[in-house]
Each structure stands twice: as C-alpha cells, then as structure tokens.
Amino acid sequence: MREIVFDTETTGFEPGEGHRIVEIGCVELVDHFPTGRTLQFYLNPERDIPLESQRVHGLSAEFLADKALFAHVVDEFMEFLGDAPLVIHNASFDIKFINAELSRIGRKPIPLARAIDTIEIAKRKVPGARYSLDELCKRFGVDLTARTKHGALLDAQLTAEIYLELIGGRQRGLMLAPVEIAQAAQTGPRAARQRPEKLKPLVTEAELAAHAAFVAKELGEKMLWNN
C-alpha cells in the first residue's frame, strides 16, 4: 500500500485572501514504511510575504524570487502523488491551498476525502491532548532538534513518524520493510527451521507407566481403540 505524506508552507492562512504556497514537501510510504523517496519544491508566490509568515518558515520573497511557479512543477507533483492516499497534519488547511493553486491553472481539485488527517487520528487515540505537530512529537519521543523553523519537507517527515506511531508504531503488524519483502519475493518461501536434536521429553518413564496403569484400570475394555 502506497501513501504520500505531504505538507505545505504558505504566505498566510487563507488562499481566498490571495495567499499562496511557498514550499511543498512530500514523503513516500509503502506498507507504512518510508521508502526514502521524497519530493520538495520552493515556489515563487508572485506576491509579498508577510513578516509574521517569514518568522514561521524563514522564507523571504528575495529567496523565492528565482524559484519555480506552481504551474511549472504541478505535473511532477501530481505524478508523485499518483492515486495514493494523502497523509496530512491538519488536512483541510493544505488541501484548500493545493486546490486553490490547481484551480488557478485550470486543474481538477483533490477531494478532501482522499486525505488521512493525523490530527483526527490523534483525537481518537489520545483524547484531550494537544494536537500540534510539536506536541505530538514530544508525546511520542520524535526528535525535534532540526525543527528551528517550519519547513514543508521536514514537517512531512515528522508527520510520517507521528502517523506511524498513531497507527501502531514503527513495527505495526510485525510487517517486513519493503526491501525485505522484495528479497522474500525473489527467494520464495523459506523452509521451516529444524532443531539439530529433538527436545528431551519432560514426562518421566515412571509417569508414563503410572498413566498407562490408570487408563487400563479405569477404562479397560471401554477404550474405543481396543475394540
């Protein structure tokens, strides 16, 4: 099963007010394991970036001035997503921004129903907790030392770790990593291991004799295997 964890950084909170995406980060999971495949774009938002937003992600208009437009990377982005479910922390926020960008260039929107929201899973798993990405990382012991500011790829990687914890931990269902699965498919099923020597019976000869005497006395001819 293939899933894509993704995150965005933006110039503000509402695309309806003219705010745009400035970074997209994606992480691929297969059978709930990271494959190592990622995708990241810095984007030119074609507008100014409010100071309060720069304080969050550290991306300035000067830094983004020579970066690609969303229209230039949309094909690569959509190809990476494929038809996989999308794992997102606060899915409605990121989906509305992606759909605003898609609408701007005449592309079909992504249905919100396609998203798996880690906040909604957290609400069911740990009711009453705080559900920010930072708080969930602290709760599950996920390393936050690299997160001095928000970043779409970094936050997607952290979201992937939180998601795996929320659905049962990194070894969910004792499944093999994708590499091990591929190796197993090539080599075929393995023969069951055999002990070099049989285990010694725990029942003593005296106990076996006592049991046989008890069966003969109590059941005698009633035993079916004697008929």
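The values are calculated or read from the model by the stated rules, or taken from the named source; none is laboratory data. This is a predicted model, so every value here is computed, not measured. Cβ: placed from backbone, ideal geometry, glycine included. Neighbour counts: every protein chain shown. For the accessible areas, the whole protein counts, side chains as well, though only heavy atoms, and no ligand, DNA or RNA atoms are used. Shrake-Rupley method; radii C 1.70, N 1.55, O 1.52, S 1.80 Å.
Within the range 50-120, which helices (runs of 4 or more DSSP H) (wholly inside it) include 2 or more residues that are among the basic types (Lys, Arg)?
Values: elements: 51-57, 61-64, 70-81, 91-104.
Of the helices (runs of 4 or more DSSP H) lying wholly inside the range 50-120, those with at least 2 residues that are among the basic types (Lys, Arg) span 91-104.
Assess whether residue 22 counts as being surrounded by 13 or more Cβ atoms within 10 Å (Cβ to Cβ), part of a strand (DSSP E or B) and over 15 Å from the mean Cα position of the chain (by Cα).
yes
Which condition from (1) among the polar types (S, T, N, Q); (2) without any contact (Cβ under 8 Å) to a residue 40 or more places away in the chain; (3) open to solvent by less than 60 Å² (accessible area, probe 1.4 Å) is the one that residue 35 breaks?
Failed condition: (2).
Which residue out of 147, 114, 130 is basic (Lys, Arg) and closer than 21 Å to residue 36 by Cβ?
Answer to the selection: 147.
Specify the residue that is least open to solvent (accessible area, probe 1.4 Å); the eligible residues are those in the range 92-125 that are charged (D, E, K, R) and more than 18 Å from the chain's Cα centre (by Cα).
Checking each candidate, the answer is 101.
If residue 4 meets every condition in (1) open to solvent by less than 30 Å² (accessible area, probe 1.4 Å); (2) outside any strand (DSSP E or B); (3) farther than 17 Å from residue 150 by Cα; (4) not basic (Lys, Arg) apart from one, which number is that one?
The one condition residue 4 does not meet is (2).
For (1) out of contact with any Phe, Trp or Tyr (no Cβ under 9 Å at 6 or more places or on another chain); (2) surrounded by fewer than 14 Cβ atoms within 10 Å (Cβ to Cβ); (3) without any contact (Cβ under 8 Å) to a residue 60 or more places away in the chain, each residue gets a yes or a no:
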| residue | (1), (2), (3) |
| --- | --- |
| 52 | yes, yes, yes |
| 58 | yes, yes, no |
| 62 | yes, yes, yes |
| 69 | yes, no, yes |
| 75 | yes, yes, yes |
| 79 | yes, yes, yes |
| 84 | yes, no, no |
| 87 | no, no, no |
| 90 | no, no, yes |
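If you go through the range 121-147, how many residues are assigned to a loop (DSSP other than H, G, I, E, B) and of a type outside the set (A, V, I, L, M)? Quick ask: steps written out before the conclusion?
So in the range 121-147, the residues assigned to a loop (DSSP other than H, G, I, E, B) come out as 126-132, 141-147.
Filter once more, so that each one left must be of a type outside the set (A, V, I, L, M): 127-128, 130-132, 141, 143, 145, 147.
Residues in the range 121-147 being assigned to a loop (DSSP other than H, G, I, E, B) and of a type outside the set (A, V, I, L, M): 9 in total.
Which of the residues spanning the range 29-49 are part of a strand (DSSP E or B) and at negative phi?
Matches in the range 29-49: 29, 30, 33, 34, 35, 37, 38, 39, 40, 41, 42, 43.
Do any residues in the range 110-133 that are more than 17 Å from residue 95 (Cα to Cα) have Cβ atoms under 8 Å from those of residues that are of a type outside the set (Val, Ile, Thr) and open to solvent by 80 Å² or more (accessible area, probe 1.4 Å), where the two are at least six apart or on different chains, and which pairs are they?
126/139; 129/139; 131/123
So in the range 149-172, with the set limited to residues that are more than 17 Å from residue 25 (Cα to Cα) and surrounded by fewer than 15 Cβ atoms within 10 Å (Cβ to Cβ), which one is modelled with the lowest pLDDT? Don't jump to the end; show me each part of the working.
Our first condition is that a residue be more than 17 Å from residue 25 (Cα to Cα); within the range 149-172, this holds for 164-172.
With the extra rule that they be surrounded by fewer than 15 Cβ atoms within 10 Å (Cβ to Cβ), the set shrinks to 168-172.
Values: 168: 88, 169: 64, 170: 56, 171: 47, 172: 44.
Among residues in the range 149-172 that are more than 17 Å from residue 25 (Cα to Cα) and surrounded by fewer than 15 Cβ atoms within 10 Å (Cβ to Cβ), the one modelled with the lowest pLDDT is 172.
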